Amino acid sequence: QVKLVESGGDLVQAGGSLRLSCVASGLPFRAYTMGWFRQGPGKEREFVAAMPQRPGDELYAGSVEGRFTISRDNAKNTVYLSMSDLKVEDTAVYYCAATPVVTVSGDRGEWTYWGQGTQVTVSS
């Protein structure tokens, strides 16, 4: 049984930083592309970032590029999302996702497994 468990969500002031973690189990972590999505209040779930098996092939949404960094620790089956210069519009539930697809485009349909989400709230 595959499980993705996110943690690290919190209330933070605008301009602040936060790091989310997602621990995966029940899948061959090294063989999966890992990613993050988010769903803000009244909005659809949107792609944030993805990291395939090899470093250097990361993909980011334009709204977060330069502020967010995705990374992974294969020894710990964990993917991280480091967020800096947070804005009020970054407020959302952040979801971890996994897919065996190597080259992703950010389309939600490409992703096989999802976590339950962790809340990030950015105050002004």
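The values are calculated or read from the model by the stated rules, or taken from the named source; none is laboratory data. Please read these numbers as outputs of a predicted model, since none were measured by experiment. Cβ atoms come from the backbone with ideal geometry, glycine included; neighbour counts cover every protein chain shown. Side chains are part of the model used for accessible areas, which takes the heavy atoms of the whole protein and leaves out ligands, DNA and RNA. Shrake-Rupley method; radii C 1.70, N 1.55, O 1.52, S 1.80 Å.
Structure summary
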| read-out | value |
| --- | --- |
| Cβ-Cβ under 7 Å pairs, at least 6 apart or on other chains, the range 78-89 side among the hydrophobic types (A, V, I, L, M, F, W, C), far side surrounded by fewer than 18 Cβ atoms within 10 Å (Cβ to Cβ) and in a loop (DSSP other than H, G, I, E, B) | MET83/SER17; MET83/ARG67; LEU86/ALA14; LEU86/GLY15; LEU86/GLY16; LEU86/SER17; VAL88/ALA14; VAL88/SER124 |
| All positions within the range 41-61 that are of a type outside the set (Val, Ile, Thr), out of contact with any helix residue (DSSP H, G or I) (no Cβ under 8 Å at 6 or more places or on another chain) and assigned to a strand (DSSP E or B) | GLU46, ALA49, ALA50, MET51, LEU59, TYR60 |
| Subset of the range 62-79 (residues that are under 19 Å from GLY15 (Cα atoms) and either open to solvent by less than 60 Å² (accessible area, probe 1.4 Å) or in a strand (DSSP E or B) (or both)) | VAL64, GLU65, ARG67, PHE68, THR69, ILE70 |
| Breaking point among (1) over 16 Å from VAL104 (Cβ atoms); (2) out of contact with any Leu (no Cβ under 6 Å at 6 or more places or on another chain); (3) at pLDDT 95 or above, for PRO41 | (3) |
| Residues of the range 108-118 classified as part of a strand (DSSP E or B) and under 12 Å from the mean Cα position of the chain (by Cα), total | 2 |
| When residues of the range 8-40 are limited to those that are open to solvent by 60 Å² or more (accessible area, probe 1.4 Å) and in a strand (DSSP E or B), the one nearest to PRO100 (Cα to Cα) | VAL23 |
